[in-house]
1. Taking R0 as 35 Å, what FRET efficiency do you get between residue 134 and residue 50 from their Cβ-Cβ distance, rounded to the nearest 0.05?
2. May I ask for the angle, rounded to the nearest 10°, between helix 3-21 and the longest principal axis of the chain, with both axes built from Cα atoms and the value confined to 0 to 90°?
3. Stretched out fully, how many nm does the piece from residue 93 to residue 123 gain, at 0.36 nm a residue minus the Cα gap?
4. With runs of 4+ DSSP H residues as the only contributors, calculate the mean residue ellipticity of the chain at 222 nm using -39,500 (n - 2.57) per run, divided by the residue total and rounded to the nearest 500.
5. Length gain on complete extension for the stretch residue 27 to residue 142, per 0.36 nm per residue less the alpha carbon to alpha carbon distance?
6. With a ≥ b ≥ c taken as the square roots of the eigenvalues of the C-alpha gyration tensor of region 56-98, please select rounded if a/c is under 1.5 and otherwise prolate if a/b is larger than b/c or oblate if it is not?
7. Which lysines does residue 117 reach when only Cα atoms under 26 Å apart count, and residues fewer than 8 places away in its own chain are ignored?
8. Residues of region 82-103 with amide nitrogen under 12 Å from the 7 Å Cα-to-Cβ point of residue 149?
Amino acid sequence: MSRSILVASVLAAAIALGSSAFAQPPAKGWKSSITDPTTPTPATVKITKSSSAQVKVASGNVTFVLKLGGVVDKITELPVTTTGNTVEFVFLVNGATHTKGFPFDLTAGKTNNSLTKFSVSLADSGTWGSVLSAGEPIEMRQVRVIEFSTGDIFGVDGFTTK
């Protein structure tokens, strides 16, 4: 084998291996528990049961999901029924931070889970900063659950120690 063919073969193999070695692993979704903020807030409600935020990926869109349970009034400890609350998902796309908020209601201290699934197209440049192609990574940064009546955060993604 001639030296130029050998060099070309080694170079082609290095490029092929190099490009596959740095490809991001596919991530099909993200999920986190929702807990109290670490700093007390003036919110009038609190979460007392297992709750979660989730992101699911499908062909051409991303679905943001919120499941809350056991949301009670801080004083009476009774389950709350409120409208116009907001969940905000904060994420990084192509090095820029973006926030997407969705309205939701609480009935008897819970979300109606069929109404707290929010689908967003990859073509929605208002959400992502530009139209996204399949395979682009999105870095989750934070989830905030905001009470309508006060505008205060009463839930965040995280975990609680035992």
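Only the coordinates and a few stated rules stand behind these numbers; no lab work does. Values in this document were obtained by computation on a predicted structure and should not be read as measured data. Cβ sites come from the backbone with ideal geometry, for glycine too, and all protein chains shown count toward neighbours.
1. Details: r = 33 Å, r/R0 = 0.94.
After rounding to 0.05, the efficiency reads 0.60.
2. 10 degrees
3. Numbers: separation 30, 0.36 × 30 = 10.80 nm, distance 1.35 nm.
Contour length minus the Cα-Cα distance gives 9.5 nm.
4. On the way: 2 runs with 23 residues, N = 162.
Taking each H run of at least 4 residues, the total per residue is -4500 deg cm²/dmol.
5. Numbers: separation 115, 0.36 × 115 = 41.40 nm, distance 1.73 nm.
Additional length available on full extension: 39.7 nm.
6. Working: a/c = 3.82, a/b = 2.29, b/c = 1.67.
The shape class here is prolate.
7. Residue 117 reaches 28, 31, 46, 49, 56, 67, 100.
8. Counting backbone N atoms under 12 Å from the label point, the list is 82-83.
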